[in-house]
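Here is the structure we will look at, set down as structure tokens.
The values are calculated or read from the model by the stated rules, or taken from the named source; none is laboratory data. Because the structure is predicted, anything quoted here is derived from the model rather than measured. Counting neighbours? That spans all protein chains shown, and the Cβs are built from the backbone with ideal geometry, glycine included. Heavy atoms of the whole protein, side chains included, go into the accessibility calculation; ligands, DNA and RNA do not. Shrake-Rupley method; radii C 1.70, N 1.55, O 1.52, S 1.80 Å.
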Amino acid sequence: MSLQMVSAVSNSSLVQPGFSLLNFDGHVFFFGQKGWPKRSCPTGVFLLDIKQNELKMKPATFSKDSCYLPPLRYPALCTLRGNAESDEYQYIIHGGKTPNNDLSDKIYIMSLVSKSSKKTTFQCVEKDLGGDVPEARYGHTINIVHSRGKSVSVIFGGRSYTPLAQRTTEKWNSVVDCLPSVFLVDFEFGCCTSYMLPELQDGLSFHVSVARNDTIYILGGHSLQNNTRSPSLYKLKVDLPLGSPAVTCTVLPGGISVSSAIVTQTGDTEFVLVGGYQSDNQKRLACNTIVLEDNKIEIVERVSPDWPSDIKHCRMWFGCNMGKGSVLLGIPGANKQSVSDANYFYILRFKGAEEDKEEELTAQICSQTSTEDPGDSTPFEDSEEFCFSAEANSFDVDDTDTYNEDDEEDESETGYWITCSASCNIDINTWVPFYSTELNKPAMILCSSRAGHWVHAQCMDLSESMLLHLSEANVKYFCNEHVDLNKGLQTPKKVVHLKKQPMKPLRKKATMKLTTPTKKSFLRRLFE
């Protein structure tokens, strides 16, 4: 068991309580970001690349036939395999909260299409359901059970908003416990069936569930109605005959009063329970080992890690299962400094029972006095038992397809994230797309001065229409700093055009020329 602190390098502000982690072939992917996705990663799914104690989040893509998947907090997740012998599996995602605090009642199936060192592509499909469809909720669980050669998923618990008929102005957005119904979902036919069991009286949320064959064990959880954390341990058994399914529930002793705990699998029948809260203002620092056999469960306390003072003294913590016996834990940055938006992360790795025995045996051998000649013994550094890796990908099954940062160019020096000019303000950690043509990298243009160099279009104050014109026209471009060498097209300066009012044409007034007869002409005409 080891506890290691990792420093977040990029996109750490997207991690928030309620996120989820997906493990495909030893590669861990993040889902459930803070806020709505941006154009830099429209899927909202990131590869967690952890190297040399540094955590980087790299965007993943969806295939063209995928549906839209909103970032969901506190959804229910589980893995679905095609058959018992197949190594390929999919993830089922149900429910959760959107960034607008709307609750989702949809169910998605996500599968890995392709994975390379530079690009990961998923397929996400929304599954249509009929029958007793579970209402929108969050903080619940979903598991897969197998019986008589058939498989169904089981949904239980969670919270939802108060029904519209029961809402008041003061408690319009208040949440309540979902009814303690057990839902069976058949993905082959897309039908749902609900069951009310007398042993389940109170609704539970943020509980823990582990499954083996046709049995699910539920422990812990919080009840809003009673404001308690259940100490009960429930055993759900699902039978899938040719007719209607049968669901039974048994209350067992030896439960744990905890909520928001994390479970990670360390062996075929062994799980580890860590984290969570034992009261509203007290974290649970103890750890337990859960062993599932054919028809029984055994829960024993195990040695807890040496928690650092930052974790001991913080008021809240959050995390998720990374798979392969590892857990990602986070604490708010306000516990360490005044920057409240930042989080600090730890990776807790557990070992299975066989690995613990090997480590204990090795420690006993090393503690004994050696009677051999030191020259004939194996050097300590070359012993495989003592070769520990500090990377989170140490549990990868296949390292041949693992992302290797050394295979790529260093974009911070020779790529898109250079300092192109004295006024350059492009930062890899704070950059957001500026032009509609940008996705996850800033637009750049070549300056034709001397040997030539690349500059950011945004730093050159180029409009989007001008940038498109330069990309299509066969002309030379010179940046703002080399404007004296202009032999082609410069960056156009902003010219303020004065609006001139059109002059109205003057209308000629019609004039009449009047002639007044003189007195002499009047007398002459009078006497004639």
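So which of Lys237/Lys296; Lys235/Lys324; Lys58/Lys115; Lys97/Lys441 end up more than 23 Å apart, counting from Cα to Cα? Correct reply: Lys235/Lys324; Lys97/Lys441.
Summary of packing: across the peptides 71-79, 50-58, 189-197, the per-residue average of other C-beta atoms within 10 Å ranks them, highest first, as 71-79, 50-58, 189-197.
At R0 = 51 Å, how high is the FRET efficiency between Ser465 and Asp105 if r is their beta carbon distance? Nearest 0.05 is fine. Intermediate results must be reported in sequence, preceding the final value.
Values: r = 44 Å, r/R0 = 0.86.
So the FRET efficiency works out to roughly 0.70.
The gain in end-to-end length when the Ser117 to Gln166 segment is fully stretched comes to 12.4 nm, 0.36 nm per residue minus the alpha carbon separation.
The fraction of accessible area contributed by carbon and sulfur in the range 2-352 is 48 percent, rounded to a whole number (1.4 Å probe; ligands and nucleic acids excluded). Of all the C-alpha pairs in the range 209-272, what % are more than 19 Å from each other? For the range 209-272, the share of Cα pairs beyond 19 Å comes to 43 percent.
So, R0 is 56 Å and r is the distance between the beta-carbons of Val303 and Cys191; what FRET efficiency does that work out to, to 0.05? Could the numbers behind the result be given before it?
Working: r = 46 Å, r/R0 = 0.82.
Computed FRET efficiency for Val303 and Cys191 comes out at 0.75.
What whole-number value in Å² describes the accessible area per residue of the range 128-168 for a 1.4 Å probe?
Numbers: 1800 Å² over 41 residues.
For the range 128-168, the solvent-accessible area averages 44 Å² per residue.
Computed over the Cα atoms of the range 441-485, pair by distinct pair, the Kirkwood hydrodynamic radius stands at 10.8 angstrom. Measuring between their Cα centroids, the range 288-317 and the range 223-262 lie 20 Å from each other.
Carbon-plus-sulfur fraction of the accessible area of the range 441-485, 1.4 Å probe, in percent?
Numbers: 1310 of 2640 Å².
Taking all protein chains in place, the range 441-485 shows 50 percent carbon and sulfur surface.
As an equivalent ellipsoid, the range 64-130 spans semi-axes of 22, 16, 11 angstrom, where each value is the square root of five times an eigenvalue of the C-alpha gyration tensor, largest first.
Among 133-146, 293-306, 91-104, sorting by the average number of other beta carbon atoms lying within 10 angstrom of each residue, highest first, gives 133-146, 91-104, 293-306. What the range 441-485 shows is 59 Å² of accessible area per residue, with the surface traced by a 1.4 Å probe over protein heavy atoms. The Cα atoms of the range 2-352 give a gyration tensor whose axes a ≥ b ≥ c have a/c under 1.5, which makes the shape rounded.
Ratio to report: Rg/Rh of the range 80-189, with Cα atoms as the point set and Rh obtained by the Kirkwood method; give two decimals.
Details: Rg = 16.9 Å, Rh = 16.1 Å.
Rg/Rh: 1.05.
Multiplying the residue separation of Asp294 and Lys64 by 0.36 nm and removing their Cα-Cα distance gives an extension gain of 78.5 nm.
Other residues lying with their Cβ under 12 Å from the Cβ of Lys283 contribute a combined charge of +2, Lys and Arg counting +1, Asp and Glu -1.
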